[in-house]
Amino acid sequence: MQRFLILILLFMTLFEAQCQTIPSTEVAQQAFKQHSTYKEPAIQNRRFKHQDIVPLLEKLKQHPLFEVEVVGKSVEERDLYLVKAGTGEIKVMLWSQMHGDESTATMALFDLFNFLQQSDQLDPVRQQILQNLTLYIVPMLNPDGAEQFKRRNALQLDLNRDALRLQSPEAQLLKSLRDSLNPEFGFNLHDQSRHYTVGTTSKPATISFLAPAFDHAQTVNTVRDRAMRTIVGMNEALQQLIPGQVAKYSDEHEPRAFGDNIQKWGTSVILIESGGYQDDPEKQLIRQLNFASIVSALHLIAENGYTNYALEDYYRIPENERYLYDVVVRNVRYEDNNMNILLDFGIIRDEVPSPNDKGFYHRSSVQEIGDMSVFYGYEDIDGKGLTLVPGKVYSKPFKSIAALTPERTRELLLDGYTTVRVEKLSSANITPSDLPLNVTALNSKINHTLRLEGGANFVLKGADGKVKYAIVNGFVYNLQGDKPALFHGLVL
């Protein structure tokens, strides 16, 4: 019997040692690989609302692993939830969607809730997190902003600039939670523009980090040091998944921001920003990366693994720059003021709220003209040998949208038309995603000439005078191939 007990103790010792030596890179890789088993199926796109997550949180109350409570109200009286999990001595607070239109990490947090409930080969990591940490999670701090998918709250205040005055109930709650819980670590979870790049490279800054400075001198004390070393470990892990696509915000101090102040108040703050990734408009792959990154970070904290990383490596992470456009068209000729010039131009696609099934439509505009050799595009078109011509408006009106068949649309584009007129046009009956061309009323005046801040509606013609590319509302159609899946005009 004594020998049997010794064997059990030896096995437990080896098991605990194994738990403490799993590299963060391996944790991130496994969490990323198995994400589909934890992904919350009720959330499939970015524009969910408070009412969509309340049933998930209420269900979470029934699980013995979690404590879920309403800890406050938003300006418009929506419940603000706090989820607690784990029994460890190290307190970690995570808050997401401080800005209502920054929802990627919120999705990842619901995946984290599912991860903590399950049992699989990641059990050593899961148990280490739950035994060594106590997690306090606010999954949606700005539900009023989320309702309209806008940055600010119902008072039109940026919550991340309300850390000093505390005029918003949401900001007051975050401050009171920080003060009452006094967590050792805090995760400030955001989204950033998809047009940020890793330094001056062509790679999007898919994930960006920051250990916010608590003063203008960017002093590094013990509190900030912990955050910086943890970020170095998180960066190492993510480099295995998205090599060259991790960046860092400038360490410049922002005295009104929560991250900077919470760092000052004694909590090691790690800012995570979700940027862009090719062909991931709903940020589902970035959601997966967020999940893997958060799990690996919690594992690092649970085993004090961040102490193994060098502080100087934090400063080696390239900073965010802005060198990306949605579309860059290069080396085209253009007639302007009786001059034939060579130029490039860059297009940005903005999302405009709409009551359609997606909740938005795209409105594109030209945001740069000239030499764009230092810039890049998610879609990059070499127009060498081609001439840019403003799109034409077809004068004969169509009776209905239904007349714009794929065959007829293609004929119009090949003839240089990017806009058509429709009798008795009612924008209430159509959505932009239905439109293969811009659609306008009978008497409207349309100008598709190339200009800054103007719409992006052109054709590119070859030396033979034939149209090779059509650009409608900033979407590019190579007429030598199939129509792209994402291609629509506007109701003008």
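Annotations
- Filtered residue count, segment 464-490, keeping only those that are part of a strand (DSSP E or B), over 28 Å from the mean Cα position of the chain (by Cα) and touching a residue at least 12 places away in the same chain (Cβ under 8 Å): 4
- Of note, ALA302 does not satisfy the criterion of being of a type in the set (A, V, I, L, M), within 11 Å of THR230 (Cβ to Cβ) and either crowded, with 18+ Cβ neighbours inside 10 Å or under 23 Å from the mean Cα position of the chain (by Cα) (or both).
- Criterion violated by GLN263 - all others in (1) in a helix (DSSP H, G or I); (2) open to solvent by 20 Å² or more (accessible area, probe 1.4 Å); (3) closer than 28 Å to GLN172 by Cβ; (4) not aromatic (Phe, Trp, Tyr) satisfied: (2)
- Single residue of segment 400-411 satisfying the filter (among the aliphatic types (A, V, I, L, M) and farther than 14 Å from HIS488 by Cα) that is nearest to the chain's Cα centre (by Cα): ALA402
- Residue within segment 11-26 that is part of a helix (DSSP H, G or I), open to solvent by less than 30 Å² (accessible area, probe 1.4 Å) and at pLDDT 95 or above present: no
- In segment 171-209, the residues that are under 25 Å from THR134 (Cβ atoms) and either open to solvent by 20 Å² or more (accessible area, probe 1.4 Å) or of a type in the set (Gly, Ala, Ser) (or both): ALA171, GLN172, LYS175, SER176, ASP179, SER180, LEU181, ASN182, GLU184, GLY186
- For segment 445-477, a residue qualifies if it is farther than 18 Å from ARG363 by Cα, crowded, with 18+ Cβ neighbours inside 10 Å and in contact with a helix residue (DSSP H, G or I) (Cβ under 8 Å, 6 or more places away or on another chain), and exactly one does: VAL467.
- LEU271 being in a strand (DSSP E or B), out of contact with any Phe, Trp or Tyr (no Cβ under 6 Å at 6 or more places or on another chain) and within 21 Å of PHE110 (Cβ to Cβ): yes
- Those residues of segment 46-59 which are within 21 Å of LYS358 (Cα to Cα) and either open to solvent by 80 Å² or more (accessible area, probe 1.4 Å) or modelled with pLDDT under 95 (or both), in sequence order: GLN51
- The numbered conditions (1) open to solvent by 70 Å² or more (accessible area, probe 1.4 Å); (2) assigned to a loop (DSSP other than H, G, I, E, B); (3) within 19 Å of LYS203 (Cα to Cα) are all true for ILE317 except (1).
One line per residue, one yes/no per condition, for (1) of a type in the set (Gly, Ala, Ser); (2) in contact with a helix residue (DSSP H, G or I) (Cβ under 8 Å, 6 or more places away or on another chain):
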residue: LYS61; (1), (2): no, no
residue: SER74; (1), (2): yes, yes
residue: GLN117; (1), (2): no, no
residue: ASN132; (1), (2): no, yes
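- Screening segment 29-43 for residues that are small (Gly, Ala, Ser) and part of a helix (DSSP H, G or I) and picking the one that is most open to solvent (accessible area, probe 1.4 Å) gives SER36.
- Residue within segment 268-283 that is touching a Lys or Arg at 6+ places or on another chain (Cβ under 6 Å), within 28 Å of THR134 (Cβ to Cβ), open to solvent by less than 10 Å² (accessible area, probe 1.4 Å) and not hydrophobic (A, V, I, L, M, F, W, C) present: yes
- Note on segment 227-253: among residues that are in contact with a helix residue (DSSP H, G or I) (Cβ under 7 Å, 6 or more places away or on another chain), in a helix (DSSP H, G or I) and open to solvent by 30 Å² or more (accessible area, probe 1.4 Å), the one that is farthest from VAL198 (Cα to Cα) is ARG229.
- Among the residues listed as LEU60, LEU133, LEU94, the single one being out of contact with any Phe, Trp or Tyr (no Cβ under 6 Å at 6 or more places or on another chain) and in contact (Cβ under 8 Å) with a residue 40 or more places away in the chain: LEU133
The values are calculated or read from the model by the stated rules, or taken from the named source; none is laboratory data. Small disclaimer: the values here were computed from a predicted structure and weren't measured. Every residue, glycine among them, receives a Cβ derived from its backbone with ideal geometry; neighbour counts consider all protein chains shown. Ligands, DNA and RNA are excluded from the accessible area calculation, which covers all protein heavy atoms including side chains. Shrake-Rupley method; radii C 1.70, N 1.55, O 1.52, S 1.80 Å.
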